[in-house]
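The values are calculated or read from the model by the stated rules, or taken from the named source; none is laboratory data. For clarity, every value in this text was computed on a predicted model and none was experimentally measured. Note that we place each Cβ from the backbone using ideal geometry, even for glycine, and neighbour counts take in every protein chain shown. Note: areas computed on protein heavy atoms with side chains; ligands, DNA, RNA excluded. Shrake-Rupley method; radii C 1.70, N 1.55, O 1.52, S 1.80 Å.
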Amino acid sequence: MLLSVAFWVLAFGGAAQAEIIPMNAWIHDPVISSVDVSPDGNQLVALTLSDVNAPPEVTVWQTEDLSIPPVRFSPPDVKALAVGWLNDEYLYVIGRQTFDVRTGGRATRRFLDKLYIIDNQGEERWRELLENEDGIKGIFNVLPHDRERFLALRINYEFGREIYEVNLRNFNSRRIFRGASGEDIMADVFGEIRGRSELEGSGENTRLVFSYIHPESGQWEEHHEFVAVEREGMWPNAFDLDGRRVYVVDNTGRDKSAVRTYDLITRELSEPLFGGLDIEATGVAIATNPDNLGEVIGYTGANEEQWIQYTSPMYEEISDRLDEALGEENAHTIVSMSDDLTVMVVRTRGEREPGAYHLLVNGQQLVPLGRSYPFLEPDKLADMEYVTYEARDGLEIPAYLTLPAEGEPPYPAVVMPHGGPWARDFLGWDLWAQFLANRGYAVLQPQYRGSEGWGQELWRAGDREWGQKMQDDKDDGAAWLVEQGITEADRIAIYGYSYGGFAAMAASVRRNSPYQCAISGAGLSELRTFDRVTFEGRFIRQFQNPTVEGMSPLDNVEDAEIPIFVFHGDRDQRVPIDQSEKFVNALQRAGKSVKYMEIVDLWHSLPWFPQHHLAVLSSIESYLANECGPGGL
């Protein structure tokens, strides 16, 4: 009999009834994550917490009766980040540990991602793959049609990719691809290499040349190229089942990308299949169960929210049933399924739901598995709304607005630009926005010019406008909040991380700032160093670096008029910590108001550990309340 396992989550208790949700509800590791069902549907694995203060454990249940106590085990020397099935007997586990290397007589503080294989009871010894290789390690393809092998991925510190074939009978591995920085391969769902991209040229002629195996002759042929500085062209996404056509995402001559097919024999492009109008297409969804392996089941894309348009009647019907059973206010994604499709793992996320898991059995029965953050009850959290406002030069700026669940305007407000800048936010769960809204702040997330995923007009409008028109867009968002009566002119702060950290630095040194204070996390303070910190190779240096020009906050510290809080992780290899150190030191020499915090063992990108979230959230909360402008915000 199939039973719910929600009881072990409930042991943590319900969310506090107070208006302010306690800090420990926000910072712990997910109580349940990385949920995966075995190919035969008989077992379920996830990372779970036996206690909110404990590290994640690999947890295996028998799906026939989930009330039977599960098997729990942990990797020997890392913190587990992800787990999944390779076949019905073996699991992979990805874990992370700190790692220091000495180069040029000084220590470089990094981290290592390790890849392990273990049996489903944790009884065999942990087998570490690629043990003597550095970099980021993960799974490239579990090969659903051949459960005796899988493909492992390694990305080195120069962002070169390597693919290894691993035999699960003897655990031997062999490298089948080794690429330099910027080079890559494409394999079909069966693990067969059918496409590759090679980096050629230099300077403004730097380009990726795409080649494919001819479906009839079996020979490699060059087909199309993507010139870095042009930022326009076709990008392959998946192969059709017979290998004749490639599904590509194409933004050539159009504002928003569309999905099309490219014929490898006739070299002809189809008409757009999805996207290109009001939706920015991002790719195709592919079936992974053996009976339908490789079948295109839908198209993916985004406007203010993320979309999947199913072309498969079966998946469309399942999606409709999930919306009916779990509510259309959240997005329900099938993240894992048994080979016969009788058992599926469904993850639910939304504006007020950070993550909940269910089993869908025989397409009918929904069994709750638990919520990742059980103390963050949705009815205590805030709604997020998609809005637009007009920049001072008339450009329409998309944005997301999150208002406190209680109270009335005007609220204190935080303008929170995303990182990147070639990135974007979505209508959905955002930890920082929800945390700030719970503390009583209105949060505006402007999709300023330079943001990617909204079309080429908005994207290219940010070229060479760092700290200038890109910054105007954030300031205009602050003015819009005042015009709408959401906040008052003397109750606004700006907070950002990565590029958002740069934006906060820039805001602090612009005259007549609309903010009472700025908070910068892992920001870049001098644009002339951008070429050195974008270390992925010469393609990215031509793809993005020519667009990076404008105002460097470090050169303008004398103009600082508002206080700023700066934090940075000591293991950040994306934006070196000296970018914050130089800025803080210059502000101090100029006699400006600045507070600085170095966070031990913090790297640049998520996922972070609880101590990192605690350091960031508690510091932001305290600074806004007590040191942002006279008497706090």
FRET efficiency for ALA489 and GLU558 from the Cβ-Cβ distance with R0 = 30 Å, rounded to 0.05, comes out at 0.75
Trypsin sites (Lys or Arg not before Pro) restricted to DSSP loop in the stretch 250-335 with at most 15 other C-beta within 10 Å
ARG254, ARG267
Looking at GLY591, ASN120, GLN434, which one has the Cα that reaches farthest to the positive end of the dipole of the chain (charges on Cβ: Lys, Arg +1; Asp, Glu -1)?
GLY591
Setting aside same-chain residues fewer than 8 positions from LYS137, which aspartates and glutamates have a Cα under 15 Å from its Cα?
ASP113, GLU128, GLU158, GLU162, GLU165
Normalised contact order of the stretch 15-155, rounded percent, pairs of Cα under 8 Å and 6 or more residues apart:
14
For the stretch 383-433, which GluC sites (Glu not before Pro) pass both filters: DSSP loop (anything but H, G, I, E, B) and at most 13 other C-beta atoms within 10 Å?
GLU406
Stretched out fully, how many nm does the piece from HIS214 to LEU277 gain, at 0.36 nm a residue minus the Cα gap?
19.5 nm
Can you give the Rg to Rh ratio of the stretch 412-468, both from alpha-carbon atoms, with Rh computed by the Kirkwood formula?
1.03
Between ARG110 and THR98, how many nm apart are label points set 7 Å from Cα along the C-beta direction?
1.7
Taking a crude spin-label model, label points 7 Å out from Cα along the C-beta direction, the ALA590 to ALA54 distance in nm is 5.1
In debye, nearest 20, what is the charge dipole magnitude of the stretch 545-625 about its Cα centre with +1 on Lys and Arg Cβ and -1 on Asp and Glu Cβ, if you could check?
140
Return, ordered by residue number, the residues of the stretch 411-435 whose backbone nitrogen is under 12 Å from a label point located 7 Å along Cα→Cβ of ARG349.
426-431
For the stretch 383-462, what is the relative contact order in percent, using Cα pairs closer than 8 Å and at least 6 residues apart in sequence?
32
What size of dipole, in debye to the nearest 20, comes out for the chain about its Cα centre when the only charges are +1 on Lys and Arg C-beta atoms and -1 on Asp and Glu C-beta atoms?
2100
Positive dipole terminus of the chain, leading residue within THR300, GLY355, PRO630 (C-beta point charges)
PRO630
Between ARG125 and ARG175, what is the FRET efficiency for a Förster distance of 25 Å, r being their Cβ-Cβ separation, to the nearest 0.05?
0.60
So for the chain, considering every pair of alpha-carbon atoms, how many percent are separated by more than 45 Å?
18
Quick calc: nm separation of the 7 Å Cα→Cβ label points for GLU317 and ARG460 -> 4.6
What number comes out for the charge environment of TRP61, summing +1 per Lys or Arg and -1 per Asp or Glu over other residues with Cβ under 12 Å away?
-2
Output the DSSP H helices from the chain with an along-axis C-alpha extent of no less than 18 Å and a mean Kyte-Doolittle hydropathy no less than 0.0.
610-626
For the stretch 333-372, what does the alpha-carbon gyration tensor say about shape, rounded, prolate or oblate, given a ≥ b ≥ c as the root eigenvalues, a/c under 1.5 as rounded, and a/b over b/c as prolate?
prolate
Subtract the Cα-Cα distance of TYR310 and GLU406 from 0.36 nm times their separation in residues, and report this length gain in nm to one decimal.
30.8 nm
Cα extents of the stretch 159-225 per principal axis, largest first, Å, are 48, 33, 16
Relative to the present Cα-Cα distance, how much length would full extension add between ALA625 and VAL361 at 0.36 nm per residue of separation?
90.2 nm
Output row, site ASN42, 7 Å Cα→C-beta label point, backbone N cut-off 19 Å, window the stretch 260-300, residues 290
Mind checking the stretch 18-104 for chymotrypsin sites (Phe, Trp or Tyr not before Pro) that DSSP puts in a loop (not H, G, I, E or B) and that have at most 15 other Cβ atoms within 10 Å?
none
Taking a ≥ b ≥ c as the square roots of the Cα gyration tensor eigenvalues, with a/c under 1.5 meaning rounded and otherwise prolate when a/b beats b/c or oblate if not, the stretch 173-277 comes out oblate
Taking N as the number of residues in the stretch 215-340, the ratio of its alpha carbon radius of gyration to 2.2 N^0.38 Å works out to 1.19
In square angstrom, what is the accessible area per residue of the chain with a 1.4 angstrom probe?
41
Rounded to the nearest 20 debye, dipole of the stretch 463-541 from Cβ charges on Lys, Arg, Asp, Glu:
400
